[in-house]
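Read the structure below first, then the notes.
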Amino acid sequence: MIRIAAICGMGLGSGLLVKMGVERVLKRNGFDEREFTVEVGDISTARSIKPDLFVTSTEFGPRLKELPDSTVIEVHNLFDEKEIEAVLVPVYKGILAAK
């Protein structure tokens, strides 16, 4: 199971929308939803989540990259599924292959 954390500023409504976008992107690319889980978090609680992969904005990415053993993908527009797809799918495939 690959753990993904969708990290936003407040982690509420916007985080949930990002979570749904990540799930749609992965499913659309043929990944089984039993292979991954996406949780929502905010920047202040991100340190305690410890996922395999963070999905966040370019604003919060640098702070998450400071965490040890973290894989972080940054997107300019967290609601643009094409942008999420372009950066998420190659990284996700790499993590999947390594497991």
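Using alpha carbons only, the radius of gyration of the stretch 2-98 set against its Kirkwood radius gives Rg/Rh = 0.92.
Close Lys pairs in the stretch 10-99, defined as Cα atoms under 17 Å apart and 8 or more places apart or on different chains, number 8. Using C-alpha pairs below 8 Å separated by at least 6 residues, the relative contact order for the chain is 32 percent.
Computed from the coordinates by the stated procedures, all read-outs in this text should not be read as laboratory data. Being a predicted model, the structure only gives us computed values, none of them experimental.
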